[in-house]
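Contents: one structure, followed by commentary.
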Amino acid sequence: MHKVDIQFWKIRKREGRKKPWELRWRINTETYSLSFLTKVLAQKFQGELTQAAKTVGEEWDLRTGQPVSWTRQQRTWFEHSCDVAAAEWDGSAAGSRRRLAESLAEITMAMLQDSLKARRTRPSDAVLRKALKQWAYRPGRIASEPVPADVAAALAWLGDNTRPVAELADDEHLRTLLAAIKKLHDGKQAAATTARTRRAILYKCLDRAVTGKLITMNPLSAIKTPRRHMDDAVSPVVVPTLEQARRLLWAVRELRGYGPYKDRGPHLFALFCLMFYAGVRPSEGLHLKVHQCHLPMGGGWGSLTLEGASPDVGALWTDDGERHDSRGLKHRSTRTVRVVPIPPELVVIVRLHLLTFPPAPDGRLFYDGPDQAKVPSLVYQSVWRRARKAALTSAEHATDVARRPYDLRHANASTLIAAGVDTAEIARRLGHSIRTLLTTYAHWIKGGEDAANALIEAALSAAAITGGGLTSENAAHGPVAGQPGQTGAA
């Protein structure tokens, strides 16, 4: 509404109450009241209502009897961030949902009230983060599951003790928040990718606050913080040599477990081989089905037709409540496939795997336990740690070489680049863009360095023999510039 008829009753004192001074008012036909500690506070609030009633275009909330803009200014970050999490849920990949919850939780931890009362009643940081990540930012869970007592108390505290969104319109408050979300729990600097993700999610939250008229504009656009160097390159120290990789793979094959899991090592041997010989991501290997494997009997090269991935993201974040998400290839549409040629050695390994471990009922090559469930990431990581300890020398084990199974994929990429395979073909096999491939691998691969050195050495030798090297005497007399009638002179 654009015009209101507001009338006040005389402020009255009601004895025996914590806030004895009561202000009553009427807007059109609806009546409202608020109590205050002193008469002066009641008079001040009455004056603010009177002034707001004179503002042209001011909207009024008939539930509270106050201007809508006041309600917006009081909206807390916790309420707003829960709305953002709910709005982003549908249509997002499970991994994106989890990253959103983790980032929102850290932003919220930096938006907590610091009053004496808030500090006195504040739950532990561990409980607050649990309440945020696993409950507040997992839409629908609070309504569908019993909430533990400590989590319920933490959620109630958060509802009363996060700062208003409108506060972030102030440059100083926003810069303080940006500095806070660049750090980890222990005060150390967060990785550049982590800081970048948190800033992007904060930007999204502020954009939504503008849409909801909680603030007038997104203030983050105007704040330029020093850009940290994003080093996406894979360090050569983590990439195993061919000899080290073969030792590691053999160690996986020789591992033995216990009970129904005694064959975990031999069963996962082919999965690690897919990473090393074909550059397959772990989530792509876990998604692989038998009909996607072309394995010629008579030897020679085969191929894998990769159609999707099954990343282990946790049951909280998937639509069906399973640990593994079922999705398309990374950064690709759900209908995109990637055909990867595989060398004869890997063809033999996969054929032997299928003879020893028949595929699951749905055709999956890899599973865990007698119920043939999808392999949790903790399982194959545990197998890899045991194999690494068994295969490497004590000196090698103390380094970062092959600390993660994913380093086998890096080894595949470095092998292809060093072998001189065409860059576009390597990128296609790995499921990268050419730019990503070069950023990640090419600038630390030394393939071609010897040839380049030889060319430079030959050029320098020729210059020394002929006396044609560049000196201060002939620097102004270069080659013809290429335009008719011109020389190389300045």
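The values are calculated or read from the model by the stated rules, or taken from the named source; none is laboratory data. Just so it is clear, the model here is predicted, and its values are computed rather than measured. Methodologically, a virtual Cβ is constructed for each residue, glycine included, from the backbone with ideal geometry; neighbour enumeration extends over all protein chains shown.
E58 meets the conditions (1) of a type outside the set (F, W, Y); (2) outside any loop (DSSP other than H, G, I, E, B); (3) crowded, with 16+ Cβ neighbours inside 10 Å in every case but one. The failed one is (2). Restricting attention to region 25-39 and to residues that are at pLDDT 90 or above and touching a Lys or Arg at 6+ places or on another chain (Cβ under 8 Å), the residue that is surrounded by the most Cβ atoms within 10 Å (Cβ to Cβ) turns out to be Y32. The C-beta contact set for region 103-120 (first residue part of a helix (DSSP H, G or I), second residue of a type in the set (D, E) and surrounded by fewer than 17 Cβ atoms within 10 Å (Cβ to Cβ), distance under 9 angstrom, 6+ apart or interchain) comprises M109/D125; A118/D160.
Picking from residues in region 388-431 that are of a type in the set (D, E) and modelled with pLDDT of 90 or more, the one that is farthest from L329 (Cα to Cα) is E396. Of the residues making up region 303-347, those that are in contact (Cβ under 8 Å) with a residue 12 or more places away in the chain, part of a helix (DSSP H, G or I) and out of contact with any helix residue (DSSP H, G or I) (no Cβ under 9 Å at 6 or more places or on another chain) are P344, V347. Do we have G300 as surrounded by 13 or more Cβ atoms within 10 Å (Cβ to Cβ) and either without any contact (Cβ under 8 Å) to a residue 12 or more places away in the chain or on the phi > 0 side of the Ramachandran plot (or both) here? No; evaluated as a whole, the condition is false for this residue.
Of the residues that make up region 111-126, is at least one in the same structural domain as T197 (by TED's automatic domain parsing) and more than 19 Å from R163 (Cα to Cα)? Scanning region 111-126 turns up at least one residue that is in the same structural domain as T197 (by TED's automatic domain parsing) and more than 19 Å from R163 (Cα to Cα).
When every residue of region 346-364 is checked against the conditions, at least one turns out to be more than 25 Å from the chain's Cα centre (by Cα), surrounded by 13 or more Cβ atoms within 10 Å (Cβ to Cβ) and closer than 20 Å to I426 by Cα. Exactly one residue out of T193, T216 is out of contact with any His (no Cβ under 9 Å at 6 or more places or on another chain), in contact (Cβ under 8 Å) with a residue 40 or more places away in the chain and among the hydroxyl-bearing types (S, T, Y), and it is T216. The residues of region 419-437 that are buried (at least 17 other Cβ atoms within 10 Å of the Cβ) and in a helix (DSSP H, G or I), listed by number, are I426, A427, R429, L430, L437. Among the residues of region 1-48, which ones are free of Cβ contacts under 8 Å to residues at least 24 places away in the same chain and on the phi > 0 side of the Ramachandran plot? Across region 1-48, the qualifying residue is only G16. Across region 267-297, which residue is surrounded by the fewest Cβ atoms within 10 Å (Cβ to Cβ) among those that are more than 27 Å from the chain's Cα centre (by Cα) and over 18 Å from Y367 (Cα atoms)? The residue in question is M297. Check A94, A52, A42, A86 and return the single one that is modelled with pLDDT of 80 or more, in contact with an Asp or Glu (Cβ under 8 Å, 6 or more places away or on another chain), surrounded by fewer than 18 Cβ atoms within 10 Å (Cβ to Cβ) and not assigned by TED's automatic domain parsing to the domain that holds G321. Every option except A52 fails the conditions.
Scanning region 373-394 for residues that are part of a helix (DSSP H, G or I) and either among the hydrophobic types (A, V, I, L, M, F, W, C) or farther than 16 Å from F272 by Cβ (or both) yields L378, V379, V383, W384, A387, A390, A391, S394.
Tell me whether region 280-288 contains one or more residues that are more than 30 Å from R332 (Cβ to Cβ), of a type outside the set (D, E) and in contact (Cβ under 8 Å) with a residue 12 or more places away in the chain. Within region 280-288, not a single residue is more than 30 Å from R332 (Cβ to Cβ), of a type outside the set (D, E) and in contact (Cβ under 8 Å) with a residue 12 or more places away in the chain. Within region 238-259, residues that are closer than 25 Å to A419 by Cβ have Cβ atoms under 6 Å from residues that are surrounded by fewer than 16 Cβ atoms within 10 Å (Cβ to Cβ) in these pairs: V238/D400, counting only partners at least 6 apart in sequence or on another chain.
All of (1) surrounded by fewer than 19 Cβ atoms within 10 Å (Cβ to Cβ); (2) part of a helix (DSSP H, G or I) hold for M217 with one exception: (2).
So that you can scan it fast, the table gives a plain yes or no per residue for (1) aliphatic (A, V, I, L, M); (2) out of contact with any Leu (no Cβ under 8 Å at 6 or more places or on another chain):
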{"residue": "Y203", "(1), (2)": "no, no"}
{"residue": "N218", "(1), (2)": "no, no"}
{"residue": "A222", "(1), (2)": "yes, yes"}
{"residue": "Q244", "(1), (2)": "no, no"}
{"residue": "L248", "(1), (2)": "yes, no"}
{"residue": "F269", "(1), (2)": "no, no"}
{"residue": "M275", "(1), (2)": "yes, no"}
{"residue": "V280", "(1), (2)": "yes, no"}
{"residue": "G285", "(1), (2)": "no, no"}
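The set of residues in region 288-302 that are within 25 Å of S326 (Cα to Cα) and either among the charged types (D, E, K, R) or in contact with a Cys (Cβ under 8 Å, 6 or more places away or on another chain) (or both) contains only K289.
It is to be established whether one or more residues within region 289-298 are assigned to a helix (DSSP H, G or I), modelled with pLDDT under 95 and out of contact with any Pro (no Cβ under 9 Å at 6 or more places or on another chain). No, because not a single residue in region 289-298 is assigned to a helix (DSSP H, G or I), modelled with pLDDT under 95 and out of contact with any Pro (no Cβ under 9 Å at 6 or more places or on another chain).
Report yes if P358 is in a loop (DSSP other than H, G, I, E, B), assigned by TED's automatic domain parsing to the domain that holds A315 and of a type outside the set (A, V, I, L, M), otherwise no. For P358, the condition - in a loop (DSSP other than H, G, I, E, B), assigned by TED's automatic domain parsing to the domain that holds A315 and of a type outside the set (A, V, I, L, M) - is met. Looking across region 87-101, just one residue is in a helix (DSSP H, G or I) and without any contact (Cβ under 8 Å) to a residue 12 or more places away in the chain, and that is S96.
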